[in-house]
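Q: Before anything else, here's the structure in question.
The values are calculated or read from the model by the stated rules, or taken from the named source; none is laboratory data. Just so it is clear, the model here is predicted, and its values are computed rather than measured. Note that each Cβ is placed from the backbone with ideal geometry, even for glycine, and that neighbours are counted across all protein chains shown. Each accessible area value is taken on the protein alone, full model and side chains, heavy atoms only, with ligands, DNA and RNA left out. Shrake-Rupley method; radii C 1.70, N 1.55, O 1.52, S 1.80 Å.
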Amino acid sequence: MEQMRRRWAEEDARRERERVEREARLALEQAEREEKKRQDLETARAWWGRLSPQQQTELFAAVAEYAWRTSNLRVEIPEKPMMWSQYARGVPVHVADKRRSLYGIVRPCPGLAGACPKLTEELVLARSAQEARELADVLPQSRIVHLDLPEHEQLTMC
């Protein structure tokens, strides 16, 4: 009987160790995910921070004009653009119809684009040729369009 109690105690101790190890591993994985998310957000803020509010307005107006000129489509320009992680912190723009189908992704962050395989299936809209080159380096198979907006303001803002 004593031998059985000892075996049960050993089994309980083993299960407890496994539980503690599993919880520690899960806590570490959660901390790593949160740190990666924080770094991604910081990278995206730096990317979008290269543009003034005026330049952002100009960019979205150029996206709407491009969609109309090339596809005869009206797109919904968000009042407050939101970066989406599944699109490398780019801003999705939808067609202004009842289905709200995705038209394209505006300015995904090149530093995050490599981890977003969905971007290769979408139209990617960049502000300038330089941005398009940065994106093409990490998304060589994507349809990337640069809207040929001036970079002079960007250079003087630095």
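Q: Tell me whether segment 48-106 comes out rounded, prolate or oblate; compute the Cα gyration tensor, take square roots of the eigenvalues as a ≥ b ≥ c, and use a/c under 1.5 as the rounded threshold.
A: Since a/c reaches 1.5 but b/c is at least a/b, the shape of segment 48-106 is classed as oblate.
Q: While we're looking at this one, here's another question. Between beta-carbons, use under 11 Å as the cut-off and find the net charge around C116, counting Lys and Arg +1, Asp and Glu -1.
A: Overall, the nearby charge balance is -1.
Q: Moving on to the next point. Can you quote the Å³ per residue value for the convex hull of the Cα atoms in segment 1-64, rounded to an integer?
A: Here the figure is 80 Å³ per residue.
Q: Take each of the peptides 59-66, 8-15, 41-48, 72-79, average the number of other beta-carbon atoms within 10 Å over its residues, and list them starting from the highest.
A: Values: 59-66: 17.9, 8-15: 10.0, 41-48: 15.4, 72-79: 13.5.
Final packing ranking: 59-66, 41-48, 72-79, 8-15.
Q: Which lysines have a Cα less than 24 Å from the Cα of K80, not counting those fewer than 8 places away in the same chain?
A: Cross-link targets: K37, K98, K118.
Q: How do S71, S52 rank by accessible surface area computed with a 1.4 Å probe, from largest to smallest? Before the final figure, lay out the partial values.
A: Numbers: S71 55, S52 15 Å².
Sorted by accessible area, descending: S71, S52.
Q: Okay, next question. Quick one: ranking I105, I144 by accessible area, 1.4 Å probe, largest first, what do you get? Before the final figure, lay out the partial values.
A: Numbers: I105 0, I144 45 Å².
Putting I105, I144 in descending order of accessible area: I144, I105.
Q: Averaged per residue, what accessible area in Å² does segment 82-128 show with a 1.4 Å probe, protein chains only?
A: Details: 2010 Å² over 47 residues.
So segment 82-128 comes to 43 Å² accessible per residue, rounded to a whole number.
Q: Around E18, what is the net charge, scoring Lys/Arg as +1 and Asp/Glu as -1 over all other residues with Cβ under 15 Å from its Cβ?
A: Numbers: positive: R14, R15, R17, R19, R22, R25; negative: E10, E11, D12, E16, E21, E23.
Counting the neighbours of E18, the net charge comes to 0.
Q: Return the whole-Å distance between the Cα centroid of segment 33-69 and the Cα centroid of segment 94-134.
A: Centre-to-centre distance over Cα atoms comes out at 11 Å.
Q: About the Cα centre of segment 50-158, how large is the charge dipole given +1 on each Lys and Arg Cβ and -1 on each Asp and Glu Cβ? Please answer in debye to the nearest 20. Intermediate results must be reported in sequence, preceding the final value.
A: Values: 13 positive and 13 negative charges, 78 e Å.
Computed charge dipole of segment 50-158: roughly 380 debye.
Q: Here's something else I'd like to know. Amide H of H146: which non-local residues (sequence gap of 5 or more, or other chain) have their own amide H closer than 5 Å, using H built in the peptide plane?
A: A126
Q: Could you please report the charge total around E42, scoring K, R as +1 and D, E as -1 over all other residues with beta-carbon less than 13 angstrom from its beta-carbon?
A: With Lys, Arg at +1 and Asp, Glu at -1, the neighbours total +2.
Q: Turning to a different aspect of this structure: Percent of accessible area on segment 1-146 owned by carbon and sulfur, 1.4 Å probe?
A: Heavy-atom surface of segment 1-146 belonging to carbon and sulfur, 1.4 Å probe: 52 percent.
Q: Hey, how much of the P(r) for the chain falls beyond 20 Å, as a percent of Cα pairs?
A: Pairs farther apart than 20 Å: 59 percent.
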